[in-house]
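Data block below; observations after.
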Amino acid sequence: MINIPYLTALSTYFSYGLLFAFGQFRDFFRKIFDWWNASNLQGYAPICLGLEDFYIRRLYLRIQDCFGRPICSPPDAWFDVVERVSNDNNKTLNRTTKVSRCLNLGSYNYLGFASSDEYCTPRVIESLKTFSASTCSTRVDGGTTTLHSELEVCVANFVGKPAAIVFGMGYVTNSAILPVLIGKGGLIISDSLNHNSIVNGARGSGSTIRVFQHNTPSHLEKVLREHIAEGQPRTHRPWKKIIVVVEGIYSMEGELCQLPEIVAICKKYKAYVYLDEAHSIGAVGRTGRGVCELLGVDTADVEIMMGTFTKSFGSCGGYIAGSKELIEYLKYTCPAHLYATSISPPAAQQIISSINVILGEDGSSRGQKFRPAKCNSTFHYILNATQHWYNDSLLIIRATLVLIGAQKLAQIRENSNFFRSELQKMGFEVLGDNDSPVMPIMLYNPAKIPAFSRECLKRKVAVVTVAFPATPLLLARARICISAAHSRDDLIKALEVISEVGDLVGIKYFPVEPNKEQLEANRVKLE
């Protein structure tokens, strides 16, 4: 729960009120000019109409240079941002030939696999030569390659489920799966801050939807108890099915789900648990297996596990993992599997390779033995020596990969916790929990959204600012995403820039924690 300071809330309301008043004033004159210059489309209803159109025209377009910035390099710790200019007050933005090398604090590249990798990249290139860039077909027609089958087995083993199914888009994984799992006569109980893909999937299912307070198990239990007692609307019959939908790490809050408590409640009331691990799989847990591993929850207690490959694995697409019966059912009924083009083979290979690195498995066949029909003793000696060398080499490769995977997981935890603690010491209001690589910094006031983004970009630090409709109107924020690819020097530079801009813009809502040098100096003065 975010408690907005009174003066901050008042100034934010005033700012939005001012923007709304001026926008309405300008729209009044626009109607006059439109009536004067009558269009030929008399009798047609406007395509764009309503408050959403007003918000885009009068608020969003004024600061659209802060969003959708094009890049021309891999989204590594540093990347190249293409500069844009506008000659019509930000209505249109034109790309220039100038490029700025900026520190990347906006991409979901949690483990650093999105850039060139010595293990993953050669295998992805080889898969491109073998399978081409696209299957140009759905999974049920000609779109299933050996890589797709291997990927589904790999994902199922990684998350600890009997089976899995993969899709070409993470957003569609939620929005297309929920209508297949539940329909009329069913009940979906969703966290109030669940992702838009979950919201749209729930709405498309035709089931009854109820919301519980964000990450509050006690309120979830209250909602479950009340609606189980009441039953279906009008008929009061028992619900055909109840699904509780939560996220592992909430993408706009950076908070970890209170999964153990939620699972216990769902067991008590015989409700299914649907866990969205888009931001947690690969990024948290001792071996990167997500919030179940981090919080000590048995994956057998989570009936439906969903995740995406766009964050920790440097690829695209999503997956659903569950029982063999569930996955078999989805393969026959899910429109994302039946009608959508299958995930690109190179993207599938990237996921397989990155999981192999995380787990310390190189994926090559081991212990292959030469079996010549006839050979002399000298050849036997050479063959045995070669075989020992080959096995030792594979052991070294595997040990190296184990170290690389463990190093990435340790690095993302260390970077995330260091950056979060330093931001809090500086006086910023930072949301989320330790170990989470997502760190929202609260901005609140609409004028501070473009100011923070533009000032950071001037200092070669690229950040993502988020406002309505992705967040409630008053809760605008800058969302920092930390990567294992960031060095300590990168993080220190980012902290220096954010601190400087924070003072300039005025978003340090808490007292600055004194450092050790200041405390020592004060102690000396007192003595």
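The values are calculated or read from the model by the stated rules, or taken from the named source; none is laboratory data. Just so you know, these numbers come straight off a predicted model, no measurement behind them. We place every Cβ from the backbone using ideal geometry, glycine too, and count neighbours over all the protein chains shown. Accessible surface areas use protein heavy atoms only, side chains included; no ligands, DNA or RNA. Shrake-Rupley method; radii C 1.70, N 1.55, O 1.52, S 1.80 Å.
Scan (1) out of contact with any Pro (no Cβ under 8 Å at 6 or more places or on another chain); (2) open to solvent by 20 Å² or more (accessible area, probe 1.4 Å); (3) touching a residue at least 60 places away in the same chain (Cβ under 8 Å) for the single condition residue 210 breaks and write down its number.
With respect to (1) out of contact with any Pro (no Cβ under 8 Å at 6 or more places or on another chain); (2) open to solvent by 20 Å² or more (accessible area, probe 1.4 Å); (3) touching a residue at least 60 places away in the same chain (Cβ under 8 Å), residue 210 is out only on (3).
Of all residues in region 296-317, count the ones that are surrounded by fewer than 20 Cβ atoms within 10 Å (Cβ to Cβ), touching a Cys at 6+ places or on another chain (Cβ under 9 Å) and in contact (Cβ under 8 Å) with a residue 40 or more places away in the chain.
1
Checking residue 199 against (1) in contact with an Asp or Glu (Cβ under 6 Å, 6 or more places away or on another chain); (2) open to solvent by 20 Å² or more (accessible area, probe 1.4 Å), only one condition comes out false. Which one?
Of the numbered conditions (1) in contact with an Asp or Glu (Cβ under 6 Å, 6 or more places away or on another chain); (2) open to solvent by 20 Å² or more (accessible area, probe 1.4 Å), the odd one out for residue 199 is (1).
Residue 182 fails exactly one of the following numbered conditions: (1) more than 21 Å from residue 255 (Cβ to Cβ); (2) open to solvent by 20 Å² or more (accessible area, probe 1.4 Å); (3) hydrophobic (A, V, I, L, M, F, W, C); (4) in contact (Cβ under 8 Å) with a residue 40 or more places away in the chain. What is the number of that condition?
Here residue 182 clears every test but (2).
So which residues in region 153-172 are touching a residue at least 24 places away in the same chain (Cβ under 8 Å), closer than 16 Å to residue 348 by Cα and part of a helix (DSSP H, G or I), if there are any at all?
The answer is 154, 155, 156, 158, 170.
So how many residues does region 65-84 have that are open to solvent by 40 Å² or more (accessible area, probe 1.4 Å) and β-branched (Val, Ile, Thr)? Please lay out each step first, then the result.
Taking region 65-84 and keeping what is open to solvent by 40 Å² or more (accessible area, probe 1.4 Å), we get 67-69, 71-72, 74, 76, 78, 83-84.
Applying the additional criterion that residues be β-branched (Val, Ile, Thr) yields 71.
Of the residues in that region, 1 qualify.
Considering only region 186-195, how many residues are in contact (Cβ under 8 Å) with a residue 24 or more places away in the chain and either over 22 Å from residue 325 (Cβ atoms) or open to solvent by 10 Å² or more (accessible area, probe 1.4 Å) (or both)?
Looking only at that region, the number is 6.
Being modelled with pLDDT under 95, charged (D, E, K, R) and out of contact with any helix residue (DSSP H, G or I) (no Cβ under 8 Å at 6 or more places or on another chain): is that true of residue 435 here? Break it down into steps so the answer makes sense when it comes.
Working: modelled with pLDDT under 95: yes; charged (D, E, K, R): yes; out of contact with any helix residue (DSSP H, G or I) (no Cβ under 8 Å at 6 or more places or on another chain): no.
No; evaluated as a whole, the condition is false for this residue.
Could you list, in sequence order, the residues of region 193-217 that are farther than 14 Å from residue 243 by Cβ and of a type in the set (Ser, Thr, Tyr)?
Across region 193-217, the qualifying residues are 197, 216.
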